[in-house]
Amino acid sequence: MLRSQTSGQITGFDAMIMGSEVPIELNRQEGPMFAKYVRQLAQQDNYSILPEDEFKKSTDGIIILDGDDDAKAEFAKNNLDYQINKGLDLVAKVDKKYVIGEAKWIGQSGGNQDKSVVDANLLLDNYTSSKAIPINILDGYVWLESKKNTKAPKVIRAKEKIILSALLLGEFLESLR
């Protein structure tokens with residue numbers, strides 16, 4: 001098995017070492033980057049990030065649910081009629097209005113990038129409850145005017161749902177007040 005490893009013209013153990021040193025693709029790092037961005041946004045705009053007990057009780061201001069994707073999905077399943085078997089990147093509350101969101105970085109067209117759009121759209125296409133506002137937070141090449149006629153941007157622009165860049169997340173949440 002070791003001998004079958006290849007990286008260009010390099011084979012064997014050296015190819016295995018080279019492969020293990022390759023950085024993770026940016027689209028695979030997006031989740032932790034988005035969570036960090038939300039924390040920075042909350043600090044900058046004085047939003048609260050609260051654990052579930054306090055989050056549920058809050059009714060004033062912009063509040064972000066603290067926790068990992070699975071904990072956010074569990075909260076949404078228990079309280080917001082969320083029935084999709086997938087974690088959530090964002091659960092927020094603006095006064096008494098809930099927002100649930102899926103965030104994706106789409107770095108280039110094709111392959112896993114197009115699958116990311118399909119994955120993100122699971123939320124928009126399948127969440128039917130009026131208990132929360134579902135949104136997609138997408139960034140990357142999909143917003144470039146020069147790419148608007150390629151596959152993923154066409155799908156995104158054809159949706160009549162809330163899809164925005166993370167750069168507009170704060171403004172969107174503020175607009176719900």
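Calculated FRET efficiency, Gln108 to Ile162, Cβ-Cβ distance, R0 = 30 Å: about 0.80 to the nearest 0.05. Diagonalising the gyration tensor over the Cα atoms of segment 48-177 and scaling each eigenvalue by 5 before taking the square root yields semi-axes of 27, 15, 12 Å, largest first.
Model label sites at Lys57 and Leu176, defined 7 Å from Cα along the beta-carbon direction, differ in position by 2.1 nm. For the peptides 94-106, 123-135, 153-165, the ranking by mean Cβ contacts within 10 Å, running from highest to lowest, is 94-106, 123-135, 153-165.
Working from label points 7 Å from Cα in the Cα-to-Cβ sense, the Lys151 to Asp68 distance is 3.1 nm. Peptides 75-84, 141-150, ordered by how many other C-beta atoms sit within 10 Å of their residues on average, highest first, read 75-84, 141-150.
In this structure, Gln40 and Asn85 have a Cβ-Cβ separation that, at R0 = 22 Å, corresponds to a calculated FRET efficiency of about 0.15. Computed over protein heavy atoms with a 1.4 Å probe, the carbon and sulfur contribution to the accessible area of segment 51-177 reaches 46%. Between Met33 and Leu122, the FRET efficiency estimated from the beta carbon spacing at R0 = 22 angstrom works out to 0.60.
The values are calculated or read from the model by the stated rules, or taken from the named source; none is laboratory data. What you are looking at is a predicted structure, and each value in this text was computed from that prediction instead of being measured. Backbone-built Cβ (ideal geometry, glycine too); neighbour counts: all protein chains shown. Surface areas here come from the heavy atoms of the whole protein model, side chains and all, with no ligands, DNA or RNA. Shrake-Rupley method; radii C 1.70, N 1.55, O 1.52, S 1.80 Å.
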